Amino acid sequence: MKQFLAFGVTIVLVICLYKSWGSPTNGVSHYAYDDGDSSVIGGEDNAAIDQEHRRAGPSPERLVLSVADRSGQKQQHNSIDGPNDDAAAGRPGPLDDVELVQPQSKPQRPPLRKGAFVAGSAQKRHHVPSLNDLGPDDLDRESRLNELHEAKRQILELERKIQELEGRIPRKYPDVTFLNYKNRKRILITGGAGFVGSHLVDYLMMQGHEVIVADNFFTGRKRNVEHWLGHENFELIHHDIVNPLFIEVDEIYHLASPASPPHYMYNPVKTIKTNTLGTINVLGLAKRVGAKVLIASTSEVYGDPDVHPQPETYWGHVNPIGPRACYDEGKRVSETLSYAYAKQEKVNVRVARIFNTYGPRMHMNDGRVVSNFIIQALQNQSITIYGSGRQTRSFQYVSDLVDGLVSLMASNYTQPVNLGNPVERTIQDFAEIIRDLVGCKSKIIELPAVEDDPQRRKPDISRAKKYINWEPRVPLQEGLMKTIDYFRKELARSNHSQRNIFVPETTEFRSLL
């Protein structure tokens, strides 16, 4: 009787102990857990619970069972299908209880059965990937791309801010000569953005005067004077001198007119208006404000001369209805108007008859001898001569011409003055000189002569030497090398940002290059 009582008490204690600890597998067979078959124990929900138990580690009941198994020195196999099924199927054998009890740093997912794998594959085929489905590598790549786009955006923003700040920085200009109010003059240059006019602007600006440029940019270019834009002594007016201009000035250089045959023959009526109506407006302005005015005439007033060399007293030999008459006769009328205003209205006038001039800033397509030959030689094209090549010209460098214009304006001499180089050369010789300086192998070919093309041209500069103490100083070779270098840079330009600015040859200006 005592034995039955003791046995009953033992059973009660075991049951109480069992209830106090709970089920060893919380209602889930540990056999299925060990085998890793979630489909046997309730599908995906039990598999989720199974994963939770794996992360939480082995339960206390399992520890007890494992210790009990080890104490009996008997290894239990936790497979429903028997001890040899796993090995026969090629799967790894079951782990020992000791291995299951020991904590693992990275739990491994047990293999799924075939049926469960097929079901999972079917679900994956219908699953739409989202950002949460991306792996660590995909998320890292996406993050790097976002950072790259943000960096590019910030770089563009910084470039915009830099350009804005650069626009606020005052431009650097050369240290021009300072003139007080008594000595400083307000000087108007019509056609000041052209070839000769822009070099005259440089000279007068460096002298410390206030310079106003009026140009309609038919042949002139803003780039010729852009290095002065914004300077307190410089002003640029987009204006056609055919229309009246009302400003206050002390001196006027009237250079407005196309000067190359292709340009002035392009619109002959406009050329005549510029040299007649434009000259009337300039002389009227000079009369109103009491300004001294210099009229830029040309050697073309001599036409195809019968007298050689040509003095200022020669009246010329001009065809009044020829293709060049719009320019030739326009300049002759301009001179007539100047001396009519001088006699009738007491306007203080100067007249400069300019001969062939060359130098940087010449228009590449102006059709003149120097620019044509240099461009053709630099491009290894045939150098074209119109006619036999025995016709003669005299070429002066642009800086010599500017010196002559300023000297004539400052003088008291009122009669026309020739400004040119008395050294006469044939067109054939000139083409060969340019070809040798460029270093090309271009052929020199002859084309039909141009109508009314002067055969001989050489100035008599006796007046210039006597009354304004002027004569050319720049040797032909030196001037041609500077001009060739300018055109070579001009041809090398491929976009607007590549500047080709020729500036006066002073120490201050060289530092700006």
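The values are calculated or read from the model by the stated rules, or taken from the named source; none is laboratory data. From a predicted model like this one, the values you see are computed outputs, not experimental measurements. Positions of Cβ are backbone-derived with ideal geometry, glycine not excepted, and every protein chain shown enters the neighbour counts. Protein only, heavy atoms only, side chains kept; ligands, DNA and RNA dropped before computing areas. Shrake-Rupley method; radii C 1.70, N 1.55, O 1.52, S 1.80 Å.
For the reader, a short list of remarks on this structure follows.
- As a ratio to 2.2 N^0.38 Å, the alpha-carbon radius of gyration for segment 228-282 is 1.31.
- Mean accessible surface per residue for segment 178-291, computed with a 1.4 Å probe while every protein chain stays in place, in Å²: 42
- Debye equation applied to the C-alpha atoms of segment 175-232, log10 I(q)/I(0) at 0.15, 0.16 Å⁻¹: -0.40, -0.45
- With every protein chain in place, segment 218-331: carbon and sulfur % of accessible area (1.4 Å): 56
- Fraction in percent of alpha-carbon pairs per bin - 5 Å, segment 332-480: 2, 9, 16, 18, 17, 13, 10, 7, 4, 2, 1, 0
- Each Lys or Arg adds one and each Asp or Glu takes one away; over the other residues whose Cβ falls under 14 Å from the Cβ of Thr276, this sums to 0.
- Rg/Rh for segment 229-331 stands at 1.03; both radii use Cα atoms, and Rh follows the Kirkwood definition.
- Per-pair calculated FRET efficiency, R0 = 60 Å: Gln154 and Ser411 via Cβ, rounded to 0.05: 0.45
- Stretch gain in nm, segment Met265-Lys489, where the contour uses 0.36 nm per residue and the Cα spacing is subtracted: 77.8 nm
- Ranked packing of 175-186, 292-303, 390-401, 264-275, most packed first, by mean Cβ within 10 Å: 292-303, 390-401, 264-275, 175-186
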